[in-house]
1. Report, ordered by the first and then the second residue, all pairs with beta carbons closer than 8 Å, sequence separation of six or more or different chains, a first member in the range 459-477 that is touching a residue at least 12 places away in the same chain (Cβ under 8 Å), and a second member that is open to solvent by 70 Å² or more (accessible area, probe 1.4 Å) and charged (D, E, K, R).
2. Just give me the residues in the range 569-578 being of a type outside the set (A, V, I, L, M) and open to solvent by less than 20 Å² (accessible area, probe 1.4 Å), in sequence order.
3. Can you give me the number of residues within the range 261-295 that are open to solvent by 10 Å² or more (accessible area, probe 1.4 Å) and either without any contact (Cβ under 8 Å) to a residue 40 or more places away in the chain or hydrophobic (A, V, I, L, M, F, W, C) (or both)?
4. Restricting the first residue to the range 381-397 and requiring it to be within 16 Å of GLU423 (Cα to Cα) and at pLDDT 75 or above, which pairs with a second residue that is open to solvent by less than 80 Å² (accessible area, probe 1.4 Å) and of a type in the set (Asp, Glu) meet a Cβ separation below 9 Å and a spacing of at least six or different chains?
5. Right, THR87: farther than 30 Å from ARG304 by Cα and among the polar types (S, T, N, Q) or not?
6. Please determine, by comparing only the residues of the range 354-394 that are closer than 12 Å to ALA406 by Cβ and acidic (Asp, Glu), which one is farthest from the chain's Cα centre (by Cα).
7. What about ALA190, is it in contact (Cβ under 8 Å) with a residue 24 or more places away in the chain, crowded, with 19+ Cβ neighbours inside 10 Å and of a type in the set (A, V, I, L, M)?
8. I'd like the full set of residues that are open to solvent by less than 60 Å² (accessible area, probe 1.4 Å) and either of a type outside the set (Ser, Thr, Tyr) or under 16 Å from ILE536 (Cβ atoms) (or both), limited to the range 444-460.
Amino acid sequence: MQSLDIRAKFFAFFGSKKHTLVESSSLIPAQDPTILFTNAGMNQFKDMFLGLETRSYNRAVTIQKCVRAGGKHNDLDNVGFTKRHLTFFEMMGNFSFGDYFKQEAIVYAWEFLTEHIGLPKEQLYVTVFETDDQAYDIWHTVVGIPKEKIYRLGAESNFWQMGDVGPCGPCTEIFVDRGSKYGDDKESPATGGERFLEIWNLVFMQYDRQLDGTLVPLKKTGVDTGMGLERLASVVQQKNSVYHTDLFYPIIEATEKLVGQSYNSQTDELKAAFHVLADHIRSTTFLIAAGCVPSNEGRGYVLRKIIRRAALFTQKLTQQNIFPELSKTVIAQYGLLYPELQQNSQLIWNTLHDEIEKFTSNLVRGMQLLDELFAKNRETKSIGGIDAFKLYDTYGFPFEITCAAAWQKGFTVDQKGFEQAMEEQKNKSGNKTVDVLAHLALPDSMKTIFTGYEELVTQSTIIGLIMDNQLIDKVPAGATCFVITHKSPFFIVGGGQVPDNGWLDIEHMHTAPLLQVRYIQQAIAASIVAPVDLTIGMSVTCRVNKELRTNAMKNHTATHLLQAALMQRFGNQIKQAGSLVHPDYLRFDFSCNSQITQQDIEAVEQIVNNKIMENIPLSISYMSLKEATNKGALAFFGDKYTPEKVRVIDVPNFSVELCGGTHVRATGDIGVFKITELLSLAAGQKRIIALTGPEALKLFQHTYSSIKRISVDAKIKINEVDATIEKQKTEKKALETELKKTKLDLVHALVPTWLQHSTVIKSVPVYIVENINIDGVLLQDIATAILQKAKGVVFLMRKNNKQEVSLLLTASPEYIATINFNGLADQLKNEYGLKCGAQKTSLQGGGHLIKKVDIGSIIDHHLG
């Protein structure tokens, strides 16, 4: 049975059980700071389990893209060396949200595995949480599994949670007995080993774990199941390793062709390299398609680690950069299932290629240093933490790569020492800060109706007060608190837009400016210093700062126009990677592997301003996520979208995006658009900063005033300023060239005088000139002029009145080998405080002179 057949059977089975098919969510979790990547099928349903979100269905089935390569769930170090650990995998899951619970979930799983997949019942075993008598009884009395095949295990094995806080509950796991050739009769699901393979985990969501570790019962119980497609395929296809299934073998075959070697003829060590490439190309291809970009922090750093680990293992098979080519196999294999792969195929290839090329030189040097460390520490078989940190800090070697290389050599790495060195460099503890308010339990009735799309002033009443992270009924005057109102126009977050500012008018008499505004579950809370004693039920007028909101709206709509203009100019390689919409400016981060010229910038500006001048009315509507996707709507990086209902911002015939932010009525309201900066953040990642409306007008006025002042001072017309400046720059350059030529003529005229400063040291002619006072001429030019007339060693030194010197020592070819440049550099540093760089043919440097240099004796000491 092929993996495509398994997919089809899974969806068909749960479809017959009235489950709604829900598409896989993005690998980048929407508005969830507790995890780096989507690591389980239930991530997109988290708020449903918490009771914070409702949808039209209460049963769902998905096959979810997952990555486990950072944070709590991190399999990276094991990938390639085991038969099942992966960074990217697909999790098959069925879910219940307040509908069915343990009995139906267990019966469904048993029916699917035994009747539709065809696994022999006698080969299946289960585990349950040690106190979950209900699950135990269902397996035994309803399903009919003998008691000796049911194991009670502790929380480490049979209690599941997706993070330090959030939904969790006991689970039951299904194992398949693969037979005695994988282990003896002493093995069981409780002991571990190769014989019993876990294939399905059924989690019964009963609790919400709090910050203090307590378990609060969920308002509605639920079911979250997870079964790795790759593991199930290995069982069904009777393969000992997931890498031998049809999910991986096309990639391994492509690798064989690229490296010209057979996988089956390799040692275990080299087979591991094949495995690493096969896994890592899947995770990196999918992550880049999701909008992740290599960087030095967060998700981008994890992506960079995976790519660099792949580069390390590629070196074991070939010196060629084959890794990007493997992405073509992944895209061919998964492109119909996940269209975003085909849409971003060139971006994926370019990102992988550029990242590895950039790392290659560091990889070669880093491996040389590692080999030196292995030789140096062959007795202790340990790499020190400081050495590992140097590899990371100087050569970009992620700690995991150092560990992987060390593991293959039988070495250990001092992780504690590495972390200490990292901590000292960053000069911070690295402890995570916890948002207490985000987990404050609010009553179901404490919800705020957002009115900010329709109005900027809203009459309301106080329904909640929070002070010192506690929900209370009264707040004294002068205290800082959060005020929750029944209705609120204050916009908080969406599409990268910053929160509103404004005021609260209490009882129409007392005004308090907002300190901040934020969501606390489904309530909008405004932080203020209470102007009077506050109590529940008081009337309040919420007023948004109109000027700031209006300017933010201009910048937000302009951001949509900018993205569309970039895509029109550069094609679908443009991938949004972040955005900030501020009342004063907008910032747009995006992936683009093309060089962007000033001509491109002007063209993009023109496209946007043309759309502004057309004064196109925006169309704002709500529809299902599927309808919006079919319409071609773009999703904002990192935003959360409910499949049932999304907000679509449409600039007809130009831009369609999903967005929860605030926007202008028509494009003409933006006024004007001007790009002020184009920055390169990393390879293939760029940032544009731009202005609109009043801020753009201020820039134009300032620029015009500056140019006008120049034209008046220079007595030229405004339209002649640019040409005049260019002409002056050309003339200045010509004068500088002529001046340098004159100075070089002076140098050649002085050469006979300098040659009189010769001395002979160990039969070598040495020319020492210590008081050169010709500015603007390189010491190398002077040395060249001297050596054109004579052969020997030349020492030159220029000194200013602050005892700061620059110096050069070189020689004609026949005397180069006689000089110990490195030793000379060390002596100048240790005795005179001068920092010099030694090369094969010269020594050059300088610094603050702490005492007179006896250059003759120094040269004498270092001449061979």
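1. Hits for this filter: GLN459/LYS487; SER460/LYS487; LEU465/ASP473; LEU465/LYS474; LYS474/ASP533; VAL475/ASP533; PRO476/ASP533; ALA477/ASP533.
2. GLN576, GLY578
3. Selection size over the range 261-295: 10.
4. Pairs found: GLY384/ASP414; GLY385/ASP414; ILE386/ASP414; ASP387/ASP414; ALA388/ASP414.
5. So THR87 fails the test.
6. ASP371
7. Criteria not met by ALA190.
8. Matches in the range 444-460: MET446, THR448, PHE450, GLY452, LEU456, SER460.
The values are calculated or read from the model by the stated rules, or taken from the named source; none is laboratory data. In this text, all values refer to a predicted model and were calculated from it rather than measured experimentally. With ideal geometry, Cβ positions are generated from the backbone for all residues, glycine too; neighbour counts draw on all protein chains shown. Please note that ligands, DNA and RNA were not included when accessible areas were found on the heavy atoms of the full protein model with its side chains. Shrake-Rupley method; radii C 1.70, N 1.55, O 1.52, S 1.80 Å.
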